[in-house]
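The values are calculated or read from the model by the stated rules, or taken from the named source; none is laboratory data. Note that the coordinates shown come from a computational prediction; the quantities given were computed from them, not determined experimentally. As a convention, Cβ positions derive from the backbone with ideal geometry for all residues, glycine included, and neighbour counts pool all protein chains shown.
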Amino acid sequence: MGAQSDAAMKWKRIGIVGAGNMGSMMGFAFSELGLDVSIWDAKSANVNNFMKQVEQAKGLNGRISGYHDISDFADSLRQRGGRRLFLFSITHGTPADEVLKLIKKHLMKGDIILDGGNEHYRNTERRQRACQGIGVDWIGMGVSGGYQSARHGPSMSAGGNNIALEEVMPLLELYAAKDPKSGVPCVSNIGPGGSGHFVKMVHNGIEVGMLSVICEAWGFMHSGMGLDYEEIGEIFEAWNTDGELHTNYLVKIASDVCRTRKAVNGSEAEDGYVLDDVLDKVVQDDDSTEGTPSWSIMESAMRHVSCPTLAAGFYFRVASGNREERLQVAEKLSMPDPKSFTDIKDKSQMIESLHRAVYCAFLASFCQGLELIARASIDEGWDISLSECIRIWRAGCIIQSEFIADLLEPFLQENKSFTNAKLNSCVGKELQRNFTALKDTVLRGLAADHYFPALSATLEYIKYTGGTMLPTKFMEAQMDYFGAHAYNKPGVQGEDPGLVAKGPHHFEWNPA
Ligand SMILES: NC(=O)C1=CN([C@@H]2O[C@H](COP(=O)(O)OP(=O)(O)OC[C@H]3O[C@@H](n4cnc5c(N)ncnc54)[C@H](OP(=O)(O)O)[C@@H]3O)[C@@H](O)[C@H]2O)C=CC1
Ligand SMILES: O=C(CO)[C@H](O)[C@H](O)COP(=O)(O)O
């Protein structure tokens with residue numbers, strides 16, 4: 001507690017830029033931790049709305065002041081001697097650039113800016129260079145857990161200048177979610193440059209894979225097994241209580257999403273489930289308010305890392321967004337709707353297979369994301385600790401999965417150079433142990449025309465990343481036929497398995 005107070009005392013005040021969903025919750029949280037909070041937003045109404053909430057709030061310790069003028073805002077942070085601390089919570093890309101441009105002339109040498117937005121890591125690195133010129137440290141800080149965690153303690157991945165990072169770390173540790181088992185704060189100094197935002201980007205990529213898997217499982221139980229919302233909610237709750245999906249945030253809220261009724265405070269005014277009011281459109285990729293999942297997929301392609309569960313989940317939601325066009329296509333294609341299963345012999349066993357399939361696909365999502373981080377860390381010279389990534393995802397974030405974290409963290413901690421989690425015997429055993437359940441579930445779902453993009457992609461991923469002779473030998477042959485791309489030969493030393501390098505052989509299949 002003493003150390004915590006010291007961290008708050010050192011900074012005394014924080015300046016929050018952006019009074020949106022996240023920024024306003026961060027304002028309350030830092031006040032509660034004892035810091036005075038200055039908050040500014042380009043839109044005056046956002047500041048006014050927030051200050052109205054402040055008037056009603058209880059339990060605040062530091063004083064919260066709202067500013068309409070950016071110069072007054074920056075001046076409010078002047079304190080004798082120490083460095084000033086700003087926290088940006090702004091829409092990524094051009095909006096964040098515009099705000100930086102506005103505030104830049106009010107910045108002073110020594111200022112530290114934490115960018116808590118979901119920003120592309122290359123933009124972060126560009127701003128780091130621009131701010132370095134004026135003696136300001138720009139830290140790209142991934143913040144996860146949505147506005148509830150922003151209020152009560154998120155998971156954070158911070159990257160940038162090490163000296164500045166070490167200075168702010170005690171305050172971030174105070175703010176961060178705490179691992180319920182160890183009490184350790186879920187924040188880390190990930191590394192230099194844009195590494196912190198890269199890790200957050202991949203977190204959101206994993207999140208998209210998991211979100212797809214869980215909605216596919218919901219569809220399987222609802223339209224396939226004919227279970228109602230309450231029954232499915234109970235199943236999710238049971239999964240989240242015990243077994244491989246225990247203490248798993250998305251499974252936990254899945255249960256709430258199934259069971260939440262519209263009636264508020266016992267009122268009968270509007271009954272029914274909130275879920276009934278939700279359309280099947282996920283639009284944030286289309287309107288570019290979020291970019292993290294699409295960037296993850298682009299990064300996986302550019303860095304040659306197979307992330308099909310993540311990609312399938314992403315394409316699924318992209319296809320969902322343009323409902324109008326989708327309905328037009330539906331008229332042309334007359335695709336079958338998911339059918340109910342008429343031959344359920346053992347309901348509990350079917351649910352248990354689904355449970356294991358979901359777990360297997362979640363684990364595969366983590367393997368894919370970690371591999372992408374490992375690849376980027378090597379390419380960029382970031383030296384990211386994968387075990388630290390798992391550690392900070394133990395609480396306060398959307399992909400919190402305690403069983404998976406317990407499986408992955410120990411060996412990643414022991415062997416820092418691990419780049420492919422599937423090579424660990426415990427992980428390999430888990431994927432193998434649950435493969436049949438995943439296969440049975442996918443076969444049943446596909447036979448009844450269910451939507452299974454991420455689950456089926458995971459099945460193939462496990463199969464082909466562990467396959468000993470893929471039909472890609474035929475692909476390689478065809479490519480040599482038309483493009484003289486050359487090939488490696490089976491059983492030849494230095495070629496099989498050999499390096500990831502072009503083979504020395506070409507056959508003149510059809511001389512030109
Ligand atoms: N919501 C979430 O669960 C999470 C969000 N994030 C990230 O945190 C950041 C904030 O998100 P969130 O609070 O949810 O979003 P909001 O839309 O609630 O807030 C975004 C803020 O940015 C401002 N803004 C947008 N465009 C401009 C512009 N051109 N010039 C100046 N200000 C602008 C908004 O003002 P205005 O109202 O005028 O548009 C608002 O103050 C984003 O980067 C998001 O990706 C990170 C983790 C979780
Ligand atoms: O960052 C987040 C959670 O981690 C935010 O909730 C974000 O809005 C999620 O959006 P997306 O699915 O597009 O990443």
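Here are some notes:
- Selection from segment 131-163 of residues that are within 11 Å of ligand 1 (Cβ to nearest atom), of a type in the set (A, V, I, L, M, F, W, C) and in a strand (DSSP E or B): 141, 143, 156
- All positions within segment 33-53 that are over 15 Å from residue 90 (Cβ atoms) and surrounded by fewer than 19 Cβ atoms within 10 Å (Cβ to Cβ): 34, 44, 45, 48, 49, 51, 52, 53
- Options 381, 369: the member that is crowded, with 21+ Cβ neighbours inside 10 Å and closer than 25 Å to residue 140 by Cα: 369
- Elements of type strands (runs of 3 or more DSSP E) in segment 16-121, at least 2 residues being among the hydroxyl-bearing types (Ser, Thr, Tyr) and modelled with pLDDT of 95 or more: 64-67
- Hey, residue 365 within 19 Å of residue 246 (Cβ to Cβ), part of a helix (DSSP H, G or I) and more than 16 Å from ligand 1 (Cβ to nearest atom) or not: yes
- Qualifying residue in segment 179-202 (condition: under 25 Å from residue 34 (Cα atoms), under 21 Å from the mean Cα position of the chain (by Cα) and free of Cβ contacts under 8 Å to residues at least 40 places away in the same chain): yes
- Some residue of segment 369-387 being touching a strand residue (DSSP E or B) at 6+ places or on another chain (Cβ under 9 Å) and in a helix (DSSP H, G or I): yes
- Of all the criteria given as (1) within 21 Å of residue 405 (Cβ to Cβ); (2) buried (at least 23 other Cβ atoms within 10 Å of the Cβ), the one not satisfied by residue 455 is (1).
- Residue 128 vs. criteria away from ligand 1 (no atom under 13 Å from the Cβ), of a type in the set (S, T, N, Q) and either surrounded by fewer than 22 Cβ atoms within 10 Å (Cβ to Cβ) or part of a helix (DSSP H, G or I) (or both): yes
- Of the criteria (1) over 26 Å from the mean Cα position of the chain (by Cα); (2) over 25 Å from residue 131 (Cα atoms); (3) surrounded by 15 or more Cβ atoms within 10 Å (Cβ to Cβ); (4) of a type in the set (A, V, I, L, M, F, W, C), which one residue 57 fails: (3)
- The one condition from (1) basic (Lys, Arg); (2) more than 15 Å from ligand 1 (Cβ to nearest atom); (3) crowded, with 19+ Cβ neighbours inside 10 Å that residue 200 does not meet is (2).
- Residue count, segment 87-101 (criterion: more than 8 Å from ligand 1 (Cβ to nearest atom) and over 24 Å from the mean Cα position of the chain (by Cα)): 2
- Of the helices (runs of 4 or more DSSP H) entirely within segment 227-323, those holding at least 3 residues that are over 23 Å from residue 372 (Cα atoms) occupy 229-241, 249-259, 308-321.
- Wholly enclosed helices (runs of 4 or more DSSP H) of segment 408-512 bearing at least 3 residues within 19 Å of residue 309 (Cβ to Cβ), touching a residue at least 40 places away in the same chain (Cβ under 8 Å) and within 35 Å of the chain's Cα centre (by Cα): 425-447, 453-465
- Some residue of segment 226-246 being away from ligand 2 (no atom under 16 Å from the Cβ), among the hydroxyl-bearing types (Ser, Thr, Tyr) and assigned by the TED database to the domain that holds residue 209: yes
- When 503, 491, 498 are screened for being exposed (fewer than 10 other Cβ atoms within 10 Å of the Cβ) and not assigned by the TED database to the domain that holds residue 338, only 491 passes.
- Put simply, of 205, 209, 153, 193 the only residue that is surrounded by 21 or more Cβ atoms within 10 Å (Cβ to Cβ), of a type outside the set (A, V, I, L, M) and under 24 Å from residue 6 (Cα atoms) is 153.
- Single match in 184, 168, 213, 143 (criterion: β-branched (Val, Ile, Thr), at pLDDT 95 or above, over 30 Å from residue 96 (Cβ atoms) and in the same structural domain as residue 31 (by the TED database)): 184
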